[in-house]
Amino acid sequence: MWHPIRLARRLMGAHRWARHALWAVAGSGGMGTMGYVGGVCIRVHDRLLAETDSPEYAADISLNPLSGWRWPTWRAPGIPTVWLWVAAIVVVVVAMAVLVACWPMRKPDNPFDRDPRRLFSDADREFITQCTGNQCEHRMCGLIRCPRMGEQMDHHYPWSRGGATSRRNLVWLCAKHNRRKSDRVPSRLSTWLLVRARESYWPRGERAAMIPDGMADMAHGPDDGVGVGA
Ligand SMILES: [Zn+2]
């Protein structure tokens, strides 16, 4: 289930910054390797020269360009070590919180790369307007619901990335929030918050479409309609 390569691929697909970070790491690793190999070549050259000039000392020249190198030790003047540790722990905790907040939701298990049907129907518009009370479903900071009227039907999991044109992948947004979401893959956290919020306004009889595709593990009863099909 938690296959590291598959997880990494999911993260890469959904987030441009993850791709850039990978390129940065790979690039600096490659440059470091080339630098090291270059250093070895120079040392080999020095040793070959030494073997003709002063063969008795030639063996003293190490072929490793990093021999004798030590990690520089640095201490912040006047800052107690304990504060450096506190700062390091805060950075790690914040980084983990950001990772959790950005972690993309699972790609819905659809039998196509792109749904042949792109647009929602008028009946879908009628349906989502009723289910949401015609209010935008975006929540600011994931908590406070946008007070504007909904205007546009949006594929929760983007159509361009394989999301279905189905009521189980439909959210009702105002124009501003639809524009802002564009074709980004929603995070698992924001989808979870959406479902939690929907529980308070979604009509009981329509629960089959309340939990978006790809979040089947949030269902807690037959009412939630998971497995009924899109
Ligand atoms: Zn809005």
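The values are calculated or read from the model by the stated rules, or taken from the named source; none is laboratory data. Remember, it's a predicted structure, so these values are computed and weren't measured experimentally. Note that we place each Cβ from the backbone using ideal geometry, even for glycine, and neighbour counts take in every protein chain shown. Keep in mind that these areas ignore ligands, DNA and RNA; they rest on the heavy atoms of the full protein, side chains included. Shrake-Rupley method; radii C 1.70, N 1.55, O 1.52, S 1.80 Å.
Structure summary
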quantity: Residue satisfying all of: in region 43-79; among the hydrophobic types (A, V, I, L, M, F, W, C) and farther than 30 Å from THR33 by Cβ; most open to solvent (accessible area, probe 1.4 Å) among these; calculated: ILE79
quantity: Qualifying position, being outside the structural domain of LEU7 (by TED's automatic domain parsing) and either open to solvent by 100 Å² or more (accessible area, probe 1.4 Å) or in a helix (DSSP H, G or I) (or both), among ASP115, ASP109; calculated: ASP109
quantity: So CYS141, is it within 16 Å of the ligand (Cβ to nearest atom) and open to solvent by 90 Å² or more (accessible area, probe 1.4 Å); calculated: yes
quantity: Of all residues in region 80-100 being over 14 Å from ALA18 (Cα atoms) and either basic (Lys, Arg) or modelled with pLDDT under 90 (or both), the one that is surrounded by the most Cβ atoms within 10 Å (Cβ to Cβ); calculated: LEU84
